[in-house]
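As C-alpha cells, the structure follows; a few thoughts come after it.
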Amino acid sequence: MITLPAVRRRTFVPILCFVAVLSAAAAKTYNVSSPSDYNNAMKSAKKGDTVLLKANITMPCDTPVTAGVTLDLGGKTITLPDKLPDGRGSRGISVEGGGITIRNGRIDNGKWAIYAFFPASDYLFEDLRITRTKTFLKMGAAGKGVTKNITVNRVIVECDDNPWTILDIGPGSSSNVTIKNFYSKARVKNDDTGSDGIGIELALDPVTLDNVHIDGCSGDAIDIKGSAHISNSIVTNAVRQAFKIWGLKEFPSSMTNCIAVNNGFHSMANAGDVTLTDCYFEAGTKECPAIDFGAGKKCGDIDIHGVPDIYGCGGVTVTATRCRFIRRGGSAYLVSAENWPVAAKVKYIDCSFWNPTHPNLHVGAVTALKAAAQQGIWPSEFVNCKYEDVPAPDIRIRPPAASVSFTPEKTAPGEAVTFNITLIAGDFTDRETTWEPLLPFEVDISKDSAKLDGKPVELSIKDRRLKLTVGGVEPRSTHTLVVNATRR
C-alpha cells in the first residue's frame, strides 16, 4: 500500500505510476534416461527448454514433443514400435504446435519417424540419422492451413524397402521450406506407388534445396508443387521422374550443379523463369526425354482438392548454361518444350546434347535436329552448343550429408571434446572432400587423433569446416569419424 502525503489544495491530483519488472525464467534442460523420465520432462518443459537424452530409450507410438521445446538426442537413439495397435505402420514422434527442434542423434523404426497433422511454424530437424523408416518427415498431413518455416539440415535416412514418400510436406500448404545436406537411401523392389523421395505440395513460395541426394524411391525423386531453388544435388534410382518443379509463374526457379542419373522418367520445370546451370540430365530409362519444359495447361483450372490450380501453368522461360542432356538407352526425343497454350521460351548456352537413337534433340516451338547439329547447325536459341557424348558424373565422390554428435555437450575453452561424425559417401578411396560447417565451435586436433572406422585419416578443421583425405576405406553408405579435440 502506498500512502500519499496530505495536501492543502484540492487542485492537486495525485497520479500513481506502477512499474512492473518482469523476469523471464531461465530456460531449463531436463536430462532423461528412461521413458518415464521423457514423459515427465515433456509435461514439465516450457517454451525454450531442452529435453536431453542421456541413454538410449524405447518409446511408444505417437511420442510427443512439447511445442516450443528442443529434443536433443545427445547422440543417443530413440527406438519406436514397428506397428500401431491396429497393425498399421507406426507413427513416431509427434511435433504438433511448432517451435520445435529435434537434433543430434538417431530415431529408429518409426514408419512416420516425425510427423504433424496440423499447421504450425518454426521447425528445425538437424544432425539426425533415421533408420528402418518408411517416411522420415510427414508435415501438414491433415491437409489444412499453412505449415511455415521448416528447416532440415544434415539428416541421413536409411529406409525400409519400398518406402512411402520419404520427406513429405502436404497435402497442406507450406512456406519457407529449406532442405540441405540431406541423404536418403531406399531399395525399391518391383514397386511403383508414386511415393516420392521429397514431395512438397502447394508451396506458397520457393523451396530451397542444397546438397540433397535421393538414392531410390517408389515415385519421383524430388517433386515440388511450386517453385524451387535446387543446388549441388543428385537424384538416382527413382522409379518415376527425377527433378520435378511445377513452378509458379510469379516466382523464379533455378537448378545449379545438379545431376539426374538412372531414373525411370525425365526431369521437368513447368512455369515461371527457370535458370539451369552446370547440370547433367540423363534421359529416363522408360522411353522418355531427359527433361520437359512446360506442362501445356491453363491457369485457373480446379484441382482435385477443389481449389484453383495455379501451379505449372502460365508458360515457362528457360535459360540453360553449360548443361548436358544425354541419352544412355531407349529411344525418344531428348528435350521437349511446351507449345500450347503458352509456348516455352528457351535459350541454351554452351550446352551438350547426345541422343544416338532418335533424330530429334529438341521439340517444341523450336526444333533442333540431330543431323543438323552433327554438322554444327543449330537454331539461334542454341549458342555455342555441341552434339557430343560426355561421361556420366561419378556421383560416389560427392558425400552430401553428415551428422555430428559430441561429448561432453558443454565445454569451456581448453577442455577436451570428442566428435562422432557420421559421413555419407559411396567411395572415400583417395578422395579429399570439404563438408558444410558442422562443429558448434572452433577446436584444435592433434595430427593422429582422427580415425575413420578405426583407420587414421588426415583431417583439418578451419572455421568449423572439415577437410579430410582418406585412402583404402571400404565403399558403403555411411562411415563414422571419431575426432578427439580440444575446444579453442
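Throughout, read-outs are computed from the coordinates displayed, never taken from laboratory work. Everything numeric in this text was worked out from a predicted model, so none of it was measured. Positions of Cβ are backbone-derived with ideal geometry, glycine not excepted, and every protein chain shown enters the neighbour counts.
When the C-alpha atoms of the stretch 82-147 are aligned to their principal axes, what extent does each axis show, in angstrom, from largest down?
Principal-axis extents of the Cα atoms in the stretch 82-147, largest first: 29, 29, 14 Å.
Would you mind getting the Kirkwood hydrodynamic radius of the stretch 224-335 from its Cα pairs, rounded to one decimal in Å?
About 14.0 Å for the stretch 224-335.
Please compare each pair in LYS54/LYS144; LYS185/LYS286; LYS111/LYS185; LYS76/LYS138; LYS345/LYS370 to a cut-off of 26 Å on the Cα-Cα distance and tell me which ones are over it.
Beyond 26 Å: LYS54/LYS144.
What order do you get for 316-327, 368-379 when each peptide is scored by the mean count of other beta carbon atoms within 10 Å, highest first?
Descending mean neighbour count gives 316-327, 368-379.
Calculate how large, on average over all directions, the projected area of the Cα convex hull of the stretch 33-240 is; give the answer in nm² to one decimal.
In nm², the orientation-averaged hull projection of the stretch 33-240 is 10.4.
Just how large is the dipole of the stretch 33-240 about the Cα centre, in debye to the nearest 20, putting +1 at every Lys and Arg Cβ and -1 at every Asp and Glu Cβ? If you can, show how the numbers build up before the last one.
Working: 24 positive and 24 negative charges, 83 e Å.
Computed charge dipole of the stretch 33-240: roughly 400 debye.
What is the local net charge at ALA242, summed over the other residues whose Cβ is closer than 13 Å to its Cβ (Lys, Arg +1; Asp, Glu -1)?
Value of the local net charge: -3.
Within a Cβ distance under 12 Å of THR319, other residues only, what is the Lys/Arg minus Asp/Glu net charge?
Numbers: positive: ARG322, LYS345, LYS347; negative: ASP273, ASP350, GLU381.
Once all neighbours under 12 Å are counted, the net charge is 0.
Go through PHE125, VAL207, ALA186 and say which Cα lies farthest out towards the positive end of the charge dipole of the stretch 33-240; charges sit on Cβ, +1 for Lys and Arg, -1 for Asp and Glu.
Farthest towards the positive pole: PHE125.
Counting Lys +1, Arg +1, Asp -1, Glu -1, what net charge surrounds VAL95 among other residues with beta carbon under 13 Å of its beta carbon? Spell out each step's value before the answer.
Numbers: positive: ARG91, ARG103, LYS138; negative: ASP62, GLU96, ASP122.
Neighbourhood net charge equals 0.
Take THR367, THR131 and order them by how many other Cβ atoms sit within 10 Å, fewest up front.
THR367, THR131
Using the Kirkwood formula on the Cα atoms of the stretch 305-346, what hydrodynamic radius do you get, in angstrom to one decimal? Numbers along the way, then the final one.
Working: mean 1/r = 0.0758 Å⁻¹.
Computed over Cα pairs of the stretch 305-346, the Kirkwood hydrodynamic radius comes out at 13.2 Å.
To the nearest 0.05, what FRET efficiency results for ALA26 and THR418 with a Förster distance of 22 Å applied to their C-beta separation? If you can, show how the numbers build up before the last one.
Working: r = 28 Å, r/R0 = 1.27.
That pair, ALA26 with THR418, gives E of 0.20.
Using 7 Å Cα-to-Cβ label points, what is the ASP161/SER380 separation (nm, one decimal)?
5.7 nm
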